[in-house]
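We did not get these values from a lab; they are worked out from the coordinates using the rules stated. None of these values were measured; they are calculated from a predicted model. Every residue, glycine among them, receives a Cβ derived from its backbone with ideal geometry; neighbour counts consider all protein chains shown.
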Amino acid sequence: MGLADYFRDRSRSGSAHVAKERLQIIVSHERAQRGGPDYLPTLREELLEVVRRYVTVDQEAVRVKLDRHEDRETLELNITLPDRSS
Amino acid sequence: MSKIVVVTSGKGGVGKTTTAAAIAAGLAREGQRTVVVDFDVGLRNLDLVLGCERRVVYDFVNVIQGDARLHQALIKDKRVDGLAILPASQTRDKDALTDEGVAQILDALREEFDYVICDSPAGIERGAHLASYHADEAIVVANPEVSSVRDSDRVLGLLASRTRRAELNEEPVKEHLLLSRYDPVRVEKGEMLSVDDVQEILAVDLLGVIPESQAVLNASNAGMPVILDEDSDAGQAYADVVTRFLGGERPHRFLAVERKGIFGRMFGG
């Protein structure tokens, strides 16, 4: 590695860029969830429980998403059922 | 117009109390009547950092409960004119600070001071909520480190939604970022998040950067706000912060590695 490469790579060689990438992902994820009503996680758990009475699904099968538009909010429920074959 | 300013962070140990003490002393030195209020009930420490721990007779909770008048609890700083401190209580009762009590005392302090600086406890529980609730402006202290930056973002979210201004639909709390314990050598090596990285993630106005400095420990050992150590890098950085906070302009300093001359390198300076 030449001298120029040494200087160019210095900022990538440390761990700071990993920290930045991880932060950008988690912060944007948490911002998206922010401001929603506090009952969303409980709602999701209870829905999961009901669905599981009838079909075997895993933790990620129920997704609850709150979208905000100008003057109304929509609550989107997405339940993924398993393949019949499996 | 008096202002209530909260110094907050979410994460503990990032420099909230050091910052609250330094900025309060700096504002008073600029001729602003300033009081700094310790909200960390049960873990009082602002008195130690300001060197007045032996002068505490009454505290915040005594005043709320009517056992003392506000003026009996306020301690006047002996070094800086116009600076007072209201110490936290050491009670273990977490509910000792009531909503109405805090509101009343802050209103009374507004009457007499230009700036009321609220030193928030760590976390996002009751004490931290009360310290932020009445704020007009917020100074969010962060270190260039993943957990601190994430917690700062969380705190910024709470400032935008759970404060008096947010609830009354008033103009939002004015947010400032103060990055402390900054080490330009490690930033240059790519081992530490840079001030640009942190600003890009948090997207808040940068009030200042305080370098990692031995002066901070020296000052707290002596019970002196570090801003009074005018020869130190941290003291000067805080002085710049106060100037900017009051609307003045100062370039950001201590961001780059100091290049030693050939003699410095030879003799290891």
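Observations on the structure shown:
- With contacts taken as Cα pairs under 8 Å and at least 6 residues apart, chain B reaches a relative contact order of 24 percent.
- For A:Leu40 and B:Arg69, a Förster radius of 56 Å and the Cβ-Cβ distance give a FRET efficiency of 0.75, rounded to the nearest 0.05.
- Less than 5 angstrom separates the built amide H of B:Phe39 from those of B:Asp119, all sequence-distant by 5 or more or on a different chain.
- Local charge for B:Asp81 was computed over the other residues whose Cβ lies under 14 Å away, with Lys and Arg +1 and Asp and Glu -1, and equals +2.
- Magnitude of the charge dipole, chain B, Cβ model with Lys/Arg +1 and Asp/Glu -1, debye to 20: 540
- Normalised by the number of residues in the stretch B:136-269, the average gap of Cα pairs under 8 Å and 6 or more apart makes the relative contact order 21 percent.
- Sparsely packed loop sites in the stretch A:16-86 (the trypsin sites (Lys or Arg not before Pro) outside DSSP H, G, I, E and B with at most 16 other Cβ atoms within 10 Å) comprise A:Arg34, A:Arg72, A:Arg84.
- Ranking of B:His134, A:His69 by count of other Cβ atoms within 10 Å, fewest first: A:His69, B:His134
- In a fully extended conformation the segment linking B:Lys189 and B:Arg259 would gain 23.8 nm over its present Cα-Cα distance, using 0.36 nm per residue.
- Exposed GluC sites (Glu not before Pro) absent: longest stretch of chain B, with sites in DSSP loops and at most 11 other Cβ within 10 Å deemed exposed: B:1-124
- For the stretch B:47-64, putting each phi into the Karplus relation 6.51 cos²θ - 1.76 cosθ + 1.60 with θ = phi - 60° gives couplings of 4, 5, 5, 8, x, 10, 4, 8, 9, 6, 10, 10, 10, 3, 5, 4, 5, 4 Hz, in residue order, rounded to whole numbers and with x for Gly and Pro.
- Inter-label distance for A:Val57 and A:Ile25, nm, one decimal - labels placed 7 Å from Cα along Cα-to-Cβ: 2.5
- Global geometry of the protein assembly as shown, whether rounded, prolate or oblate, following the gyration tensor of its Cα atoms and the 1.5 cut on a/c: oblate
- Label-point gap, in nm, between B:Thr98 and B:Leu217 - each point 7 angstrom along Cα→Cβ: 4.4
- Neighbours of B:Val242 by Cβ distance under 10 Å: Lys/Arg scored +1, Asp/Glu scored -1, total +1.
- Calculated from backbone phi, Karplus (6.51, -1.76, 1.60) coupling profile of the stretch B:65-81 in Hz, x at Gly/Pro: 7, x, 7, 8, 8, 3, 5, 6, 8, 5, 10, 8, 5, 8, 8, 10, 5
- Global geometry of the stretch B:5-62, whether rounded, prolate or oblate, following the gyration tensor of its Cα atoms and the 1.5 cut on a/c: oblate
- Paramagnetic reach from B:Glu171 (point 7 Å along Cα→Cβ, amide N under 17 Å) across the stretch B:121-136: B:134-136
- In order along the stretch B:92-106, the Karplus-derived 3J(HN,Hα) couplings, from 6.51 cos²θ - 1.76 cosθ + 1.60 at θ = phi - 60°, round to 8, 6, 5, 9, 5, 8, 9, 4, 5, x, 4, 4, 5, 5, 5 Hz, and Gly and Pro are given as x.
- Taking the C-alpha atoms only, the angle from helix B:16-29 to the longest principal axis of chain B is near 80 degrees.
- Pairs over the 24 Å Cα-Cα cut-off, from the set A:Lys65/B:Lys94; A:Lys20/B:Lys3; B:Lys16/B:Lys189; B:Lys76/B:Lys174; B:Lys16/B:Lys76; B:Lys94/B:Lys174: A:Lys65/B:Lys94; A:Lys20/B:Lys3; B:Lys16/B:Lys189; B:Lys76/B:Lys174; B:Lys94/B:Lys174.
- For chain B, calculated [θ]222 nm from helices alone, where every DSSP H run of n ≥ 4 adds -39500 (n - 2.57): -11000 deg cm²/dmol
- Inter-label distance, nm, simple model (7 Å from Cα along the C-beta direction), A:Asn78/A:Ser13: 4.3
- Under the convention that each Lys and Arg Cβ holds +1 and each Asp and Glu Cβ holds -1, the size of the dipole of the stretch B:133-200 around its Cα centre is about 240 debye.
- Cα gyration tensor, chain B - rounded (a/c under 1.5), prolate or oblate: prolate
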